[in-house]
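Worksheet for the structure shown next.
The values are calculated or read from the model by the stated rules, or taken from the named source; none is laboratory data. Computed from a predicted structure; not experimentally measured. Reconstructed Cβ throughout: ideal geometry from the backbone, glycine too, with neighbour counts over all protein chains shown. The accessibility values were calculated without ligands, DNA or RNA, using every heavy atom of the protein model including side chains. Shrake-Rupley method; radii C 1.70, N 1.55, O 1.52, S 1.80 Å.
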Amino acid sequence: CASLTPAPVPPPPRDALAAFSLEGRFALNHEAKSYSGRISWTYRPNTSELLLSSPFGQGLAEIVTDADGARLTGSDGRIRTAPDAETLTREVLGYPLPLKQLADWVRGRTPPGSGRLDPLGRVLSLQQDGWQIDYGYGDDAPGSPPMRIIARQGEHVELRVFVDAWHSLSPEEAHP
Amino acid sequence: GAIERLHQFLDSTRTLRAGFTQIVVAKNGKRPQQSSGVMIFVRPGKFRWQIEKPYSQLLVGDGEKIWIYDPDLRQVTVKKAGQALGGTPASLLAGESGGKATLERNFSLREAGEREGLEWVEALPKTQESGFEKLRLGFAGSELKAMELFDNFGQTTSLYFENLERNPSIAPSLLRFTPPSGVDVISE
């Protein structure tokens with residue numbers, strides 16, 4: 001598809017995003033219900049902090065996952081815990097969100113040989129575990145991560161993410 | 001003091017238009033996110049919040065519903081006005097006509113002294129569901145110049161207003177929204 005409005009600052013390449021942080025916007029649609037706002041995500045292979053905020057900026061919910069499991073803190077301060085993010089999101093939303101896989105999807109990382117690629121070798125669409133993921137890019141660098149990610153599960157769950165800024169985290173960068 | 005200024009401001013301002021710059025700083029203080037645009041408020045309960053840079057996003061409160069249009073996400077989200085506006089800076093500015101009454105019902109106010117050349121008042125939500133810890137409003141004379149919102153995640157959202165007009169006439173069409181064709185509309 002036509003490339004999107006070009007990203008102001010070219011993103012780091014996909015393979016520099018083993019640990020990353022991103023800022024962007026999201027919309028999570030489930031039947032007639034929709035949550036939308038800003039997303040700030042700091043991800044490392046063993047810990048992840050995902051903050052969802054309202055379009056006006058104030059935080060709504062934060063999901064932290066680490067070796068001990070997953071923890072969701074609401075804007076009213078209530079904390080819920082679960083062994084993993086899938087169980088936690090199922091409890092809170094009524095359906096599970098595969099956050100581990102989502103970290104790969106947003107980076108445009110696909111299992112070898114899967115997914116349809118664009119002429120620059122970047123994934124354009126992918127099917128995995130019942131999810132259909134479609135990608136949009138903000139530039140034409142072969143190594144770039146995607147700028148828009150739309151993940152659908154059947155007809156009823158859909159997550160749209162638009163990344164305004166990608167940052168690669170060096171392994172020794174202090175835990176924020 | 002600033003509390004009196006806030007009361008006068010809310011009681012004498014039925015409509016408002018201003019350019020805004022918004023800066024959101026996360027608890028680790030890294031990578032502040034800046035955006036700017038134009039905001040319009042018509043009390044009670046109507047507003048238009050147009051983010052222009054670095055991306056385009058439009059929020060319109062027509063009194064019954066809140067429309068959130070994000071061209072990049074190719075989606076219009078429609079929510080009932082009551083809960084979506086909730087404890088946000090917009091709800092204070094767009095609140096019901098009884099300025100002081102709405103304020104006193106939902107917030108306790110405190111003088112917060114002078115800083116950055118402005119006189120500040122601090123508004124502490126009386127209930128937990130407001131979803132944020134405190135709000136500050138900065139005045140230069142009787143002019144509202146800035147707002148700061150401290151949420152429960154250590155994030156600070158600062159809003160700086162430019163060429164703020166009080167009680168301009170506002171075209172009613174600006175406070176309505178019709179979704180463009182070809183965009184998904186998700187409404188509750």
statement: From highest to lowest solvent-accessible area (probe 1.4 Å; ligands, DNA and RNA excluded), B:Tyr160, B:Tyr69 read B:Tyr160, B:Tyr69
- prompt: Over all residues in B:53-62, what is the mean tally of Cβ atoms on other chains that come within 10 Å of each residue's Cβ?
  reply: 2
message: Give me the inter-chain shielding for A:150-162: mean count of other chain Cβ atoms within 10 Å, whole number please.
response: 2
- request: Just the number, please: buried accessible area between A and B, total of both chains, 1.4 angstrom probe, nearest 100 square angstrom.
  value: 3200
task: Measure off 7 Å from each Cα along the Cα-to-Cβ vector at B:Glu129 and B:Glu114, then give the distance between these two points in nanometres to one decimal.
output: 4.1
task: Return the calculated 222 nm mean residue ellipticity for chain B, to the nearest 500 deg cm²/dmol, obtained by summing -39500 (n - 2.57) across DSSP H runs with n ≥ 4 and dividing by the residue count.
output: -4000 deg cm²/dmol
query: Hey, can you rank A:87-93, A:105-111 by average C-beta count inside 10 Å, highest first?
result: A:105-111, A:87-93
task: Kindly express, to the nearest 10 degrees and within the range 0 to 90, the angle between helix B:2-12's C-alpha long axis and the longest C-alpha principal axis of chain B.
output: 40
- request: Express in nm, to one decimal, how much length is gained between B:Ser173 and B:Lys30 on full extension, taking 0.36 nm for each residue of separation and deducting their alpha carbon distance.
  value: 47.5 nm
Where segment A:1-102 is the region considered: accessible area per residue in Å², 1.4 Å probe: 44
- request: Step through the table entries B:Lys79/B:Lys126; B:Lys46/B:Lys80; A:Lys33/B:Lys79; B:Lys27/B:Lys134; A:Lys33/B:Lys65, compare each Cα-Cα distance with 19 Å, and write down the pairs that go over it.
  value: B:Lys79/B:Lys126
task: Give the accessible surface of segment B:1-145 per residue, rounded to a whole number of Å², with probe radius 1.4 Å and ligands, DNA and RNA excluded.
output: 42
Relative contact order (%) - criterion: Cα under 8 Å, at least six apart; region: chain A: 27
Of all accessible heavy-atom area on the protein assembly as shown, the percent that carbon and sulfur account for (1.4 Å): 53
message: Could you sort B:His7, A:His30, A:His156 by their accessible area in this structure, using a 1.4 Å probe and putting the largest first?
response: A:His156, A:His30, B:His7
query: What Rg and what Dmax come out for segment B:25-80 when only alpha-carbon atoms are used, in angstroms?
result: 13.3, 37
statement: The Cα extents of segment B:104-167 along the principal axes, largest first and rounded to whole Å, are 33, 26, 25
message: If you take each beta carbon of peptide B:73-80 and count the beta carbons of other chains within 10 angstrom, what is the mean?
response: 5
